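Any read-out appearing in this document is the output of simple, stated calculations on the displayed coordinates, not a laboratory observation. Just so it is clear, the structure is predicted and the values come from calculations on it, not from any experiment. When we count neighbours, we look across all protein chains shown, and the Cβ atoms used for this are built from the backbone with ideal geometry, even at glycine.
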Amino acid sequence: MVRCISENNLSDILAHPVTARVFIYLRQQNRPAGVREIQKKLNLGSSSTSYWHLNKLHQEHVIEQLPGNKYQLSQEYMKINKIPLTVKLDHYIVGGKAVPGLLLLISFIMLVILAMFGMIMFQLWIQIAIIGLIALIVTLVFLIDFYKNLRFDYHQNSENKMN
């Protein structure tokens with residue numbers, strides 16, 4: 001059976017972060033691995049979690065099951081050097097355009113660094129302290145928002161997996 005590996009197909013298969021970690025672990029090991037080994041190396045909660053993700057990869061013909069309940073990547077997937085993973089980014093509407101939140105945070109931090117550099121040149125110490133405090137607060141707001149979304153996505157995925 002000849003199968004064509006497309007980046008979209010592999011990206012869909014590896015959409016779940018744990019499945020992607022299992023795939024990457026098997027790719028890095030370059031040798032067969034068992035359910036318990038994967039569970040321990042990836043710090044998964046149980047061997048059934050490890051088995052579920054291995055089974056998912058096996059059903060998609062990404063991995064082969066060997067005697068002794070060991071798994072290894074199929075030959076066609078061993079040749080892959082680039083792994084397309086989907087990353088979710090929050091976007092904010094700025095000027096009618098969707099801008100990734102991470103880009104806003106990076107831009108803000110760079111502007112603060114530039115402003116602080118200029119203030120250091122002119123020895124404006126009080127202004128540096130104020131700008132630094134504002135930067136710290138804005139960064140914390142972004143981090144808290146990121147953490148809340150991460151927890152929400154995790155709980156939502158856990159509930160979907162149970163149903």
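Annotations
- Kirkwood-based shape ratio for region 7-78, expressed as Rg/Rh from alpha carbons: 0.92
- Sparse packing (at most 13 other Cβ atoms within 10 Å of the Cβ) combined with a DSSP loop state is found for the following chymotrypsin sites (Phe, Trp or Tyr not before Pro) in region 71-135: F122.
- Long-range Cα-Cα pairs in region 89-141 (distance over 13 Å), rounded percent: 63
- With neighbour counts taken as other beta-carbon atoms within 10 Å, the residues I128, I109 rank, fewest first, as I109, I128.
- Calculated FRET value between F117 and V138, using beta carbons and R₀ = 22 Å, to 0.05: 0.75
- If only the Cβ of Lys and Arg carry +1 and only the Cβ of Asp and Glu carry -1, the dipole of region 7-78 around its Cα centre is close to 420 debye.
- Rounded if a/c under 1.5, otherwise prolate or oblate - region 7-46, Cα gyration tensor axes: oblate
- Anisotropy class assigned to region 22-127 is prolate, per the alpha carbon gyration tensor with a/c at or over the 1.5 cut-off and a/b larger than b/c.
- Farthest toward the positive end of the dipole of region 7-78, out of L73, S48, H16, is the Cα of S48, where the dipole comes from beta carbon charges about the Cα centre.
- Neighbour net charge for S47 - beta-carbon separation under 11 angstrom, K R +1, D E -1: +1
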